[in-house]
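Written below as structure tokens is the structure these notes are about.
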Amino acid sequence: MPQPPLATLLGTLYGIAVAVNFLWEVPQMALYEWWDASWAIGLLICFQAALGDGLLVLALYGVGYAFFRRREWILQPSVAGYSLLVLAGMVIAVALEMQALAWGRWAYNARMPIIPGIGVGLIPVVQMMILPPLVFYLTRWRLLRTRSVVA
């Protein structure tokens, strides 16, 4: 399978990651302390979070590249690739949530389900376990559909 230019692959991956994560972030904002903010401020915060989530997805791509030693590993999905995304997404999300909570970057309200033993929110961890595989699938589909890559 021919490879798309790296900029095309990463740009498509990032754009889809931001869009998909933004759609997740909006309903998730009700689980954080700042929920009382106006909708405009809330949407801005969600968009900023989605931009960061997009960077995390790019980091996951980098983890896969280091593991599989192929930059096109996203275009040839496998159980190992998706398993790596889920596991690495979980580890990154737990570490990020622990750090953000310790530094006071955000706080959960009583509606956020907490993972026992580690004290971080379940929903943002599940987000980084579910959405990256979906984003990678959609990216592959988009690149194949736009003929950036010929199947």
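Restricting to segment 107-137, name every residue that is in a helix (DSSP H, G or I) and among the polar types (S, T, N, Q). Hit for segment 107-137 is Q127, nothing else. Suppose the filter is closer than 25 Å to L9 by Cα, touching a Cys at 6+ places or on another chain (Cβ under 8 Å) and of a type in the set (D, E); does E25 pass it? Here the answer is yes, as E25 does meet what is asked. Scanning segment 48-106 for residues that are free of Cβ contacts under 8 Å to residues at least 12 places away in the same chain and outside any helix (DSSP H, G or I) yields R69, R70, S78, W103, G104, R105. Before we move on, is V94 more than 21 Å from V120 (Cβ to Cβ), modelled with pLDDT of 95 or more and surrounded by 15 or more Cβ atoms within 10 Å (Cβ to Cβ)? In short, no.
Is there a residue in segment 14-21 that is aromatic (F, W, Y) and farther than 16 Å from F136 by Cα? Give the derivation first.
Pass one, segment 14-21, residues aromatic (F, W, Y): 14.
Checking which are farther than 16 Å from F136 by Cα leaves us with none.
No: zero hits.
Scanning segment 23-47 for residues that are crowded, with 18+ Cβ neighbours inside 10 Å, closer than 12 Å to Q127 by Cα and free of Cβ contacts under 8 Å to residues at least 40 places away in the same chain yields a count of 1. Restricting the first member to segment 1-19 and to residues that are assigned to a helix (DSSP H, G or I), and the second to residues that are of a type in the set (S, T, N, Q) and modelled with pLDDT of 90 or more, the beta-carbon pairs closer than 9 Å and six or more apart or on different chains are L9/T139; T12/T139; L13/T139; G15/T139; I16/T139; A17/T139. Is one or more of the residues making up segment 121-131 loosely packed, with under 15 Cβ neighbours inside 10 Å and not aliphatic (A, V, I, L, M)? Checking segment 121-131: not a single residue is loosely packed, with under 15 Cβ neighbours inside 10 Å and not aliphatic (A, V, I, L, M).
The values are calculated or read from the model by the stated rules, or taken from the named source; none is laboratory data. What you see is a predicted model, and the numbers here were worked out from it, not measured in a lab. Don't worry about glycine lacking a Cβ; one is built from the backbone with ideal geometry, like all the others, and counts go over all protein chains shown.
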